[in-house]
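In what follows, a structure is listed as structure tokens, so that the remarks can point back to it.
The values are calculated or read from the model by the stated rules, or taken from the named source; none is laboratory data. Predicted model, so just to flag it, every value in this text is computed and none were measured. Glycine gets a Cβ as well: all are built from the backbone with ideal geometry, and neighbour counts include every protein chain shown. Side chains included, ligands, DNA and RNA excluded: accessible areas come from the protein's heavy atoms. Shrake-Rupley method; radii C 1.70, N 1.55, O 1.52, S 1.80 Å.
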Amino acid sequence: MVLRLWRRDYDYIMIDGAPILPVTDSALLSRYADFTLVVARHNETDRRSLERACQILRSQGARQIGLVLNGVKDSTGSHHRYYGYKQMSYHGSNPHA
């Protein structure tokens, strides 16, 4: 398989696959990956779908499974203060304006 060849030359190989539930290709590929990342959309992907996706991945031999939750809206800005971004200026901006 071509992945074996790539492993000799590269430290990391990323494979972007189709959604797990409607298509089996990604689940089958997950057995060759060191890590499988599941991407879910906030307020759209339900918990049962995530559980089913992880169950399918495990059944196909996925070694490690992680989750990215995208589409989360921040209405408070509190995470910016927590990470120190509130006081930062960016190229081209005037922090004293």
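Of all residues in the stretch 1-19, which are exposed (fewer than 13 other Cβ atoms within 10 Å of the Cβ) and among the basic types (Lys, Arg)? Answer for the stretch 1-19, where residues must be exposed (fewer than 13 other Cβ atoms within 10 Å of the Cβ) and among the basic types (Lys, Arg): Arg4, Arg8. Close contacts from the stretch 12-35, counting a first residue that is free of Cβ contacts under 8 Å to residues at least 60 places away in the same chain and part of a helix (DSSP H, G or I) and a second that is among the hydroxyl-bearing types (Ser, Thr, Tyr) and surrounded by 11 or more Cβ atoms within 10 Å (Cβ to Cβ), with Cβ to Cβ under 7 Å and a gap of 6+ residues or different chains, come to Ser30/Thr36.
What number of residues within the stretch 33-50 are closer than 30 Å to Asp11 by Cα and touching a strand residue (DSSP E or B) at 6+ places or on another chain (Cβ under 7 Å)?
The first filter runs over the stretch 33-50 and keeps only residues closer than 30 Å to Asp11 by Cα, leaving 33-41, 50.
Restricting the remaining residues to those that are touching a strand residue (DSSP E or B) at 6+ places or on another chain (Cβ under 7 Å) gives 35-41, 50.
Going through the stretch 33-50 one residue at a time, the tally reaches 8.
Tell me, yes or no, whether the stretch 60-74 has at least one residue that is at pLDDT below 85 and not in a helix (DSSP H, G or I). Yes: the stretch 60-74 contains one or more residues that are at pLDDT below 85 and not in a helix (DSSP H, G or I).
Filtering the stretch 20-32 to residues that are surrounded by 14 or more Cβ atoms within 10 Å (Cβ to Cβ) and under 20 Å from Asn70 (Cβ atoms) leaves Ile20, Leu21, Ser26, Ser30.
When the criteria are applied in full, Ile56 meets the requirement of being in a helix (DSSP H, G or I), open to solvent by less than 70 Å² (accessible area, probe 1.4 Å) and on the phi < 0 side of the Ramachandran plot.
Condition check for His79 on (1) open to solvent by less than 80 Å² (accessible area, probe 1.4 Å); (2) modelled with pLDDT of 90 or more; (3) in a helix (DSSP H, G or I): one failure, at (2).
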